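The values are calculated or read from the model by the stated rules, or taken from the named source; none is laboratory data. This structure is a prediction, so every number in the text was calculated from the model and none was measured. Cβ placement follows ideal geometry from the backbone for every residue including glycine, while neighbour counts extend to all protein chains displayed.
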Amino acid sequence: MILNPAVIALLLSSLLISGMIIYSSYFGYQILRRWDIKSGSETQLSLERRTYLVSTILSYAFGFQLISLFLFVFTADKLHSIFVGAMCAAGTLNVNKFGYPALILKIASFLLAGLWLILNHADNRAYDYPLIKKKYLFLLLIAPIFLSETIILTRYLIGLRADVITSCCGALFSTQRKGLVPEIISLPALTMKLAFFSTTLATILSGFYFLKSGKGVYIFSSLSAISFFISILSIISFISLYFYELPTHHCPFCIFQGDYNYIGYPLYITLFVATICGIGTGVLNPFKTIESLTGVIPRLQRRLTIASTISMVVFLAITLYPILFSDFRLD
Amino acid sequence: MNRLRNILDFTISSLMRRKGRNIALIVVYTFVVFILASVIFFTEALRREATTILRDAPEIVVQRVIAGRHDLIPLRYIDKIKAIPGVRSVKGRLWGYYFDPLSGSNYTLIVVDPRNSLSGVNHGDIKEGTIIIGSGISRSRIVHEGDTMPFRSFDGIPLYLKVKDVLSSESAIIAADVILISEKDYKKLSGIPSGYCTDLVISVANTKEIPTIARKITEVLPDTRPIVRDEILRTYDSVLNWRSGIILMIFWGALAAFIIFAWDRATGLSAEEKREIGILKAIGWETSDVIMMKFWEGIVISLTSFLTGMILAYLHVFFSSYSLFKPVLLGWSVLYPEFRLTPFIDTYQIATLLFLVVIPYTVATIVPSWRAATVDPDSVMK
Amino acid sequence: MIRLREIRKVFNSGRPSEFTALRGISIDVELKKVTVLKGPSGSGKTTLLSIIGCMARPTSGRIWFEEREITSLPERFLTEIRRKTFGFVFQQFNLIKGISVIENVMLPSYPCGEDIREIRKKALELIQFFNLSGKESSKIEWLSGGEQQRAAIARALINDPSIIIADEPTAHLDTKLSLEFMGFMKMLKEREKTIIIASHDPIVYESDIVDNVLNMRDGIVITGDL
């Protein structure tokens with residue numbers, strides 16, 4: 001194992017976060033069973049007190065989770081110099097079979113953590129805890145994902161050995177291998193471009209439409225989710241090519257490096273923020289009719305939509321910049 | 001928004017009121033950050049130095065290995081390697097160690113080819129009878145420009161060499177114990193026969209070809225061992241990584257003690273503090289307001305300690321030539337180079353520090369904060 | 001109108017130290033009037049005050065505040081109501097030492113989300129009203145007993161509540177200051193505030209501004225207007 005401070009930090013925080021989630025899930029379960037807002041009984045009172053604690057713990061846990069995704073990618077990128085054959089995070093993640101699954105689970109955790117925080121925020125704005133049961137049910141459903149993330153991440157980090165030869169992203173993200181990634185890469189650039197720009201624009205437009213008319217929430221929300229996937233695929237397929245100015249360099253991780261002005265960070269951050277806020281808007285919608293939330297939810301949805309659309313526009317701008325302004329031409 | 005600001009206002013004023021109780025916590029917190037930050041900054045700076053220096057190192061160094069040990073390499077091997085496609089140039093290097101009984105240390109003697117300058121070192125042509133010495137040697141033997149140093153050759157005959165120049169301390173990290181010497185003098189001193197040299201330096205046209213060429217060299221010359229530059233870098237990285245990791249493990253104890261202290265401090269509110277929270281609840285503050293106050297308290301304390309600790313660590317590592325960890329991180333050597341590291345700090349290190357210190361601290365204070373905040377509003381009336 | 005029906009309050013239920021403070025109180029408290037809870041210490045006055053003032057929840061029984069049942073509202077909401085509706089003056093003043101007069105007065109408003117400058121303005125007006133001008137930046141512990149009392153009342157009024165609750169307000173005051181206190185209560189009554197005071201001090205319960213007196217003993221109301 002690589003006894004690097006950052007690796008230790010990742011392990012420690014992952015363990016802490018999982019610990020906090022387990023603790024909270026236990027109380028979440030209690031709350032699901034015994035919560036009754038109408039009774040003024042001692043049990044209810046102590047549950048109400050407890051929920052402050054659990055809510056605070058989870059807010060911290062999920063907050064840390066959001067940051068740890070970036071620390072993870074950062075670390076993978078920095079560690080590449082230790083591994084033969086690795087030129088960027090792609091190589092580091094490939095050192096053992098847990099690297100990429102860890103990344104995928106971390107991304108999933110990131111999105112789910114963000115959604116839970118949005119739900120929690122809405123619940124806290126109302127005076128009678130209208131979403132409390134749903135919130136904790138959601139927590140119990142997603143807890144296994146966080147726990148497996150910790151397990152896989154730990155196995156990945158412990159299994160990092162400097163004497164393993166890994167592949168460079170040039171080999172991983174090439175058409176020469178079998179698998180999903182090469183399929184994506186071999187899709188004609190024009191198709192991908194069309195798909196990407198149309199979905200992104202559609203998402204932005206539906207966001208505006210929702211802001212103006214208050215309708216079409218689910219369309220906007222689903223489009224946000226769809227454009228997340230298409231954007232990731234597009235980054236691998238053609239967007240990265242423009243940043244590297246190379247027709248064969250498809251790696252989605254090299255853009256985190258200094259050579260490319262660390263553009264990977266704003267690119268992915270805007271995408272993730274846009275996605276969480278977009279999906280969150282839809283997730284909140286069914287609860288609009290609850291009495292104590294009638295004022296809260298529409299306001300929250302508006303703010304989320306604004307955040308989402310602005311992020312999406314910035315994301316689009318970042319992807320367009322090299323396409324429009326660099327001398328590189330794909331076809 | 002206003003609520004956040006107002007509560008922050010009150011938090012700061014209450015922290016100022018209770019300086020005594022909070023000072024101890026801040027001092028310990030700062031110390032922990034200081035130690036960890038020092039380790040992280042130091043290793044990262046060293047890593048960067050190594051990378052910068054090794055950048056100019058030869059891509060492949062070929063050594064001859066006999067009976068498992070490094071031996072002299074015949075110059076005729078040069079042509080054999082030149083024949084390998086992809087090899088741009090092959091040069092022989094002449095260098096070795098010299099044990100000086102007076103200081104009990106090993107010097108590295110290097111024959112410099114003016115065409116092949118040593119990275120980062122300005123030396124010009126070395127005339128016979130003269131040498132250029134590193135700053136470490138100058139210090140330990142109290143020898144300066146113009147002085148003469150005696151050497152004992154392989155056959156017992158003394159050799160007196162005049163010091164033409166002393167290398168600047170800026171190059172100390174690689175050249176503290178180095179002596180630059182002319183070819184004839186070195187051959188006299190070491191007894192290396194003509195037709196041989198210490199090792200060969202290869203430069204290649206395409207860096208991607210390095211592993212292939214290295215392999216071919218061993219095929220053509222089975223008694224040689226090629227050392228690839230990237231491997232050196234990787235080894236360096238690995239060593240620094242695990243060494244800094246070990247120090248961190250040791251300071252785990254300090255960190256754990258700090259966390260326990262923080263938790264204890266957060267749990268053991270003074271009667272005065274308890275009363276204050278009771279009053280706040282009585283006059284209309286809600287549990288979440290008190291939790292927010294505690295949150296701000298944590299942030300203010302964390303920020304103060306974190307910034308102070310980091311600044312102190314920065315000064316410690318980059319401006320004082322004495323470092324607490326030099327022995328562990330640099331390995332052992334009799335001549336410690338005196339050098340200044342180039343200050344380097346980036347977001348990554350800060351993020352790591354945050355994760356290692358601030359997060360455990362915050363987690364430790366969550367439950368005690370909550371407990372303090374869930375006091376009954378009517379407690380002050382009883 | 002504040003209505004209480006069959007209010008019981010038991011502390012430390014199920015444990016050896018179990019103690020019943022209120023044994024079934026059913027009263028109506030009229031708004032915009034002055035009500036006094038009279039009785040010896042241990043009679044449950046303070047407990048009853050804290051329940052009426054939404055500071056604690058009864059073990060059993062129900063409360064209505066202007067036709068709205070507030071018995072088992074969650075703490076979050078209850079606190080919001082309390083902050084906006086009730087102003088408390090405590091027996092021990094319960095001012096926070098080490099901070100200034102004005103900060104003490106402003107404190108109950110901090111969580112409300114108002115701009116701090118607005119809060120400051122209101123606080124200064126109240127300080128002026130209670131003749132404490134010039135002392136707003138002094139630390140609270142430097143003020144005399146009478147001045148602290150006035151600061152405590154000012155604090156109770158910062159959120160412009162409609163109901164003032166005072167628990168044994170004259171317990172630590174001499175006659176002059178006690179009369180001064182009742183004078184302030186008169187002013188507040190003239191401003192259509194509801195006032196509920198718990199006291200066994202004759203200066204309080206025999207004052208001519210008092211509309212109702214409820215006699216309490218051992219957790220129940222013995223006599224009282226209903």
Would you say B:T43 is surrounded by fewer than 18 Cβ atoms within 10 Å (Cβ to Cβ) and in contact (Cβ under 8 Å) with a residue 24 or more places away in the chain? no
Residues in the range A:22-41: is at least one away from chain B (no Cβ under 12 Å), touching a helix residue (DSSP H, G or I) at 6+ places or on another chain (Cβ under 9 Å) and over 30 Å from C:T59 (Cα atoms)? yes
Subset tally (residues that are more than 9 Å from every other protein chain (Cβ to nearest Cβ) and either farther than 18 Å from C:R76 by Cβ or modelled with pLDDT under 85 (or both)) for the range A:52-76: 8
Options A:F253, A:F228; residue that is at pLDDT below 90 and within 30 Å of A:L79 (Cα to Cα): A:F253
Restrict the check to the range B:177-196 and report whether at least one residue is within 33 Å of the chain's Cα centre (by Cα) and basic (K, R). no
Across the range A:163-172, what is the number of residues that are crowded, with 18+ Cβ neighbours inside 10 Å and either modelled with pLDDT under 70 or assigned to a helix (DSSP H, G or I) (or both)? 3
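A quick yes/no check of all residues on (1) modelled with pLDDT of 85 or more; (2) in a helix (DSSP H, G or I):
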{"residue": "B:L180", "(1), (2)": "yes, no"}
{"residue": "B:L233", "(1), (2)": "no, yes"}
{"residue": "B:I247", "(1), (2)": "no, yes"}
{"residue": "B:I250", "(1), (2)": "no, yes"}
{"residue": "B:R275", "(1), (2)": "yes, yes"}
Let me spell it out: the conditions are (1) away from every other protein chain (no Cβ under 14 Å); (2) modelled with pLDDT of 85 or more, and B:I173 meets all of them except one. Which number is the exception? (2)
Looking only at the range B:269-280, decide whether some residue is crowded, with 19+ Cβ neighbours inside 10 Å and within 22 Å of B:I35 (Cα to Cα). no
What single numbered condition from (1) of a type in the set (F, W, Y); (2) more than 15 Å from the chain's Cα centre (by Cα); (3) crowded, with 19+ Cβ neighbours inside 10 Å fails to hold for A:F64? (2)
Selected residue [modelled with pLDDT of 85 or more, under 21 Å from A:S222 (Cβ atoms) and either in contact with a Phe, Trp or Tyr (Cβ under 6 Å, 6 or more places away or on another chain) or small (G, A, S) (or both)] from A:T275, A:T309: A:T275
Just checking, does the range B:364-382 include any residue being at pLDDT below 70, surrounded by fewer than 17 Cβ atoms within 10 Å (Cβ to Cβ), more than 12 Å from chain A (Cβ to nearest Cβ) and not in a helix (DSSP H, G or I)? yes
The condition of being away from chain A (no Cβ under 14 Å) and either touching a residue at least 40 places away in the same chain (Cβ under 8 Å) or not in a loop (DSSP other than H, G, I, E, B) (or both) holds, among C:I51, C:I102, C:I81, C:I63, only for C:I102
Return the residues of the range C:105-121 that are surrounded by fewer than 18 Cβ atoms within 10 Å (Cβ to Cβ) and within 14 Å of chain A (Cβ to nearest Cβ); say none if nothing qualifies. C:G113
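Every residue, every condition in (1) within 14 Å of chain C (Cβ to nearest Cβ); (2) surrounded by 18 or more Cβ atoms within 10 Å (Cβ to Cβ), yes or no:
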site	(1), (2)
B:R5	yes, no
B:I23	no, no
B:V39	no, yes
B:I81	no, yes
B:D100	no, yes
